[in-house]
Amino acid sequence: MSASNAAFRPAAAMLGLSIREVSQALRDGRVSATELCKKCIDQIQRTHYLNAFITITGETAIEQAQKADNRICTGVLTPLDALAFVLPLSLSGVPTSVPVCRRHSTDIQPCQLTRTTWTLSRALAGSTDGVFGPVRNPWSYTTLYREQSTEDLDSDWAIAGGSSGGSAAAVASLSSFLALGSDTGGSTRNPGSLCGVVALKPTYGLLSRHGLIPLVNSMDVPGIMTRSVHDAATVLRILQGPDERDSTTVQAPSTPPSLPEHFDIRDICVGIPKEYHAPGLSTDTLAQWSRVAAMFEQAGARVQEVSLPHTQHSIVCYHVLCCCEVASNMARFDGLEYGHRSTVDSSTDAMYTTTRREGFNNVVRSRILSGNYFLLKSNYERYFVKAQQMRRLIAEEFKNVFRSGIDVLLTPTTLSDAARYTDFIQEDNRTRSAQEDVFTQPVNMAGLPAVTVPTALSRRGLPISLQLIGQALQDWKLLTVAHWMEQQVNFPLIHLHGDSNERKLDRSVRERTHTRGS
């Protein structure tokens, strides 16, 4: 979109633009940071029914925006300066912890708007079981979805995915330009896929975990959610790198200032894992997988089938390792230093017991019990050691595939589009997790980068996304291929049912921008 087209657009029309375009608009004086921040807050209030937010730090955000306006006047503006962003409770600095992005405070000075709804301990699928209530998928409030629905609005809505469903819903509903999440087994890619936003899980160690409440330390990775691949690359470039407060971080490879606008896809070899044709894969998702694979091939890329035979054991392996690390990590929540504290004070043991009973729901308690069982001296070799051995086999399989000449793997992200809430809650959490993480979880086991990109709408009018998996520390190459794919699929922009003409203008602006591959 040219500068002349963007000139004099109202701040509301800016909400659907890319980070790069809004940053330029701020520099050119076409919109002020304070005005933009207020529009984001207004949008949050208009879409309150999504239940995406826990705390709206409006006054703080406005104060930060005013400071940003002062910096703009002096000509000092960084790529993410003044842009509204949100954090899940697991990363929030209000008041639980320090957000990851503060490590690079000289490079990123956005306006923190909110804490988003986040499923308890990140152990629950779908963002439906959290203590703050379920998160609703913004796409189930679009005109297309509503026109096909015969049910009541309050009962016929789709889940947002989990566990970082609040972050995904915030970005999808145009309430925020970017959001962070936590990805342990697909917790950013799953909701990103269902809500139609780009969700990046970087290489393990590329982003600092300092400030992230741990679930499975050996797999937890801060994830990035945006509305375009270019925006995700912008955020990654700023946040990546070593951190003295996280010993697992590594030095990031040198990266160019931005993704290339023109890329020769003929140099790329795309792998299609045959084991990812999983039971329950919807016809819509399979059709998109086939369509995009054919799109790569027609453009000159090499596309070949590959095998990852140990993928079928990944979910069971993950369950054992997850429970073991959860048992360890949740031990700190005893009511003395972290989290909730019970009012029962008859004895220390009573306070411990009551605090943990009140603070953890059945799913978390069951994982703690399972983890302690797996770690018993009599069971350690049988469960924990075997799971670690299987994890090594899974990681080696990925390495062997990439050594064979494959540059990226193309897979589904989820089995289908977003399920209706009333249908989703019929299954228990263990079953739902096994179903939802089948494509995303092996990546965390191997520590590889992966990104999910929305490709089309299903027959129900809900997003379908595909996942690209790259080699360790080749996140930039992965994003370059993803950017090319994004430009080809031309995913439509959200249009909430009953929106005003101003939102229609916003959508029109965003569509023109997307077509040009911003």
Original post:
Can we say Leu466 is touching a Ser or Thr at 6+ places or on another chain (Cβ under 6 Å) and either within 15 Å of Val198 (Cα to Cα) or polar (S, T, N, Q) (or both)?
Top reply: yes
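One line per residue, one yes/no per condition, for (1) modelled with pLDDT of 95 or more; (2) in a loop (DSSP other than H, G, I, E, B); (3) open to solvent by 10 Å² or more (accessible area, probe 1.4 Å):
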{"residue": "Arg209", "(1), (2), (3)": "no, yes, yes"}
{"residue": "Asn217", "(1), (2), (3)": "no, yes, yes"}
{"residue": "Val235", "(1), (2), (3)": "no, no, no"}
{"residue": "Thr249", "(1), (2), (3)": "no, yes, yes"}
{"residue": "Pro253", "(1), (2), (3)": "no, yes, yes"}
{"residue": "Ile272", "(1), (2), (3)": "yes, no, yes"}
{"residue": "Glu275", "(1), (2), (3)": "no, no, yes"}
{"residue": "Leu281", "(1), (2), (3)": "no, yes, yes"}
{"residue": "Glu297", "(1), (2), (3)": "yes, no, yes"}
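Conditions (1) hydroxyl-bearing (Ser, Thr, Tyr); (2) under 30 Å from Ala456 (Cβ atoms); (3) more than 25 Å from the chain's Cα centre (by Cα), marked per residue:
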site: Val364; (1), (2), (3): no, no, no
site: Val385; (1), (2), (3): no, no, yes
site: Arg391; (1), (2), (3): no, no, no
site: Leu410; (1), (2), (3): no, yes, no
site: Ala418; (1), (2), (3): no, yes, no
Original post:
Restricting attention to the stretch 331-351, which residues are open to solvent by less than 80 Å² (accessible area, probe 1.4 Å) and at pLDDT 90 or above?
Top reply: Ser342, Val344, Ser347, Ala350, Met351
Subject >> Inter-residue pairs, beta-carbon under 7 Å, first among the polar types (S, T, N, Q) and surrounded by 24 or more Cβ atoms within 10 Å (Cβ to Cβ) and in the stretch 173-185, second assigned to a strand (DSSP E or B) and at pLDDT below 90, 6+ apart >> reply: Ser176/Ala84; Ser176/Phe85; Ser176/Val86; Ser176/Leu113; Ser182/Pro88
**OP:** Would you check if Asn379 is in contact (Cβ under 8 Å) with a residue 24 or more places away in the chain and either over 30 Å from Ile265 (Cα atoms) or basic (Lys, Arg) (or both)?
**Re:** no
**OP:** Could you check how many residues of the stretch 27-64 are open to solvent by less than 10 Å² (accessible area, probe 1.4 Å), assigned to a helix (DSSP H, G or I) and either among the hydroxyl-bearing types (Ser, Thr, Tyr) or at pLDDT 85 or above (or both)?
**Re:** 7
Original post:
Within the stretch 148-162, is there a residue that is of a type outside the set (Gly, Ala, Ser), under 16 Å from Pro463 (Cα atoms) and open to solvent by 30 Å² or more (accessible area, probe 1.4 Å)?
Top reply: yes
**OP:** Report, by residue number, each residue of the stretch 301-340 that is under 30 Å from Gln488 (Cβ atoms) and not in a helix (DSSP H, G or I).
**Re:** Ala301, Arg302, Val303, Gln304, Glu305, Val306, Ser307, Leu308
**OP:** Name every residue in the stretch 12-42 that is of a type in the set (Lys, Arg) and without any contact (Cβ under 8 Å) to a residue 60 or more places away in the chain, in order of residue number.
**Re:** Arg27, Arg30, Lys38, Lys39
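The values are calculated or read from the model by the stated rules, or taken from the named source; none is laboratory data. If you're wondering where the values come from, they're calculated on a predicted model, not measured in any experiment. Virtual Cβ from ideal backbone geometry, glycine too; neighbours counted across all protein chains shown. The protein model used for the area step is the full one, side chains on, heavy atoms only, and it has no ligands, DNA or RNA in it. Shrake-Rupley method; radii C 1.70, N 1.55, O 1.52, S 1.80 Å.
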